[in-house]
Amino acid sequence: MNTPSTTDALERRVAKRLLLFLMPATFIAIADRINISFVAPTMNPAIGIDAATFGFGAGIFFLGYMLFEVPSNLILARVGARYWISRIMISWGLVAAAMAFVSGPTSFVTMRFLLGVAEAGFNPGVLLFASYWISTKRFASFTSWLLSSVPVAGFLTALASGVILRMDGALGLAGWQWVFIIQALPAIGLGVFALFYLDDHPSSARWLSDREKQQIEEMASPRDRTLHVPARTSLALAMANPVIWVIAAAYLLMNLALGAQPWFPLMLGQTSLPAAYVPFVVAVPNLLAAIGMILWAKRSDRRGERKYHLLIAASLSAVGWFLCGFGEGFLAIVLTGITLALVGLYASVVVFWAIPPSIMTVEARPAGIGLITCIGLLGSFFSPSLTGFLRTATGSYSGGMYFAAGGILLAALLVKFAVSLPQDRTVDAELSVSASRP
């Protein structure tokens with residue numbers, strides 16, 4: 001007979017094993033994605049790109065990611081996480097290293113697009129994979145530890161980039177080139193390691209007993225024991241679920257804020273802060289954001305409440321983004337704004353991603369999570385591009401910061417509306433689609 005203490009111990013054991021791989025993998029993904037913001041002050045003039053081109057290149061990553069998002073998740077569901085996550089990591093590692101050899105606007109934008117294509121499916125694939133192992137009532141806490149890698153990556157990537165940039169001239173390469181090469185290598189190594197470490201599903205885990213495998217599957221997917229919907233209808237299930245579309249729209253708005261982060265180092269560069277200290281100063285708000293998201297997720301899990309936790313965190317972030325725009329050029333105001341923006345943003349993200357697995361069956365998740373991410377990434381594509389355009393046109397970053405503030409707040413309000421919809425509409429939609437399939 002299972003007791004709460006034994007099931008809790010089992011789930012903690014499973015979570016630790018997953019996080020030992022998924023946390024560093026997520027960390028590396030973010031590092032290879034955001035390091036362009038730390039090399040921008042030296043790379044941009046070296047290869048001749050302006051603010052508009054940099055913003056477009058930062059954003060086009062997400063367009064490449066978006067185009068291959070849902071297909072990637074569907075392939076992962078078919079071939080398994082072990083092979084597919086390995087393939088993704090090795091591919092993006094190779095492209096990330098090749099970023100060191102961009103020579104102008106065209107090659108910069110092209111390589112950023114290809115990096116998005118190579119990494120496509122990683123984040124939703126990891127969340128899909130985790131949803132097979134972790135119960136929905138503990139998903140926010142698990143996701144908080146997983147996604148804490150994101151601000152921690154911002155913290156450590158800033159520090160590491162500041163150090164690597166000092167290798168300028170070594171072996172005839174510029175410091176910004178060394179940043180791309182050195183920070184890409186771990187992705188390739190961990191991608192190879194995934195082949196030996198990951199298990200596609202609890203049923204194939206040799207480190208679990210048969211009874212433990214059954215317990216994990218029952219905890220992670222309790223609704224699916226009654227629905228029994230064919231897995232091949234995943235995309236149809238997701239598209240027939242009205243709540244998924246509302247949440248996807250909210251994630252698009254949230255990504256207006258997520259996509260505006262590459263401008264922080266350049267904004268700090270406009271203040272009295274010496275350029276050499278910018279990467280190290282940016283690191284501190286990211287560290288605070290990592291701590292905040294873990295504490296906020298635990299509180300959300302403990303109280304079993306999502307929508308108001310999301311709204312409070314989003315409101316804090318919106319204040320921070322507003323301060324970034326309002327105080328442009330003033331170090332104290334901008335740094336306060338960056339801190340509030342990141343702490344609130346990542347607390348919002350971790351609560352947000354606890355919601356989709358609770359409203360989808362396991363069959364709907366591959367396409368559902370992919371669909372939410374795919375639509376959401378439109379925000380990350382447009383945000384840096386818009387800010388870069390406004391910066392070139394007006395000489396100010398303020399407009400982009402105000403868009404980020406409005407986006408994160410509207411996202412929380414939209415999710416509050418979505419989770420208030422009757423949940424039987426979700427189930428009815430899924431069952432009606434499955435009934436129409438042989």
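The values are calculated or read from the model by the stated rules, or taken from the named source; none is laboratory data. Model, not experiment: these values are computed from the prediction. Note that we place each Cβ from the backbone using ideal geometry, even for glycine, and neighbour counts take in every protein chain shown. Side chains are part of the model used for accessible areas, which takes the heavy atoms of the whole protein and leaves out ligands, DNA and RNA. Shrake-Rupley method; radii C 1.70, N 1.55, O 1.52, S 1.80 Å.
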* Taking θ as phi - 60°, what are the ³J(HN,Hα) couplings along segment 65-73 by the Karplus curve (6.51, -1.76, 1.60), each to the nearest whole Hz, with x for Gly and Pro? -> 4, 5, 4, 10, 5, 5, x, 5, 5
* **Convex hull of Cα atoms in segment 232-391, direction-averaged projection (nm²)** => 10.1 nm²
* Asked: Ignoring ligands, DNA and RNA, how do 54, 62, 280, 322 rank by accessible area with a 1.4 Å probe, largest first?
  -> 322, 280, 62, 54
* Residues residue 50 and residue 272, FRET efficiency given R0 of 22 Å [Cβ-Cβ distance, rounded to 0.05] -> 0.40
* **Between segment 273-337 and segment 48-101, the alpha-carbon center distance in angstrom** => 26 Å
* Structure fact -> Residue separation between residue 392 and residue 171 times 0.36 nm, minus their alpha-carbon distance, gives in nm 76.1 nm
* What is the sum of charges around residue 409, taking Lys and Arg as +1, Asp and Glu as -1, for the other residues whose C-beta is under 14 Å from the C-beta of residue 409? -> +2
* Structure fact -> If the chain between residue 211 and residue 23 were fully extended at 0.36 nm per residue, the gain over the current Cα-Cα distance would be 65.0 nm
* Which of rounded, prolate, oblate describes the chain, given a ≥ b ≥ c as roots of the alpha-carbon gyration tensor eigenvalues and a/c under 1.5 marking rounded, otherwise prolate only if a/b is larger than b/c? -> prolate
* To do: At 1.4 Å probe size, with every protein chain present, just tell me what the per residue accessible area of the chain comes to in Å².
  => 38 Å²
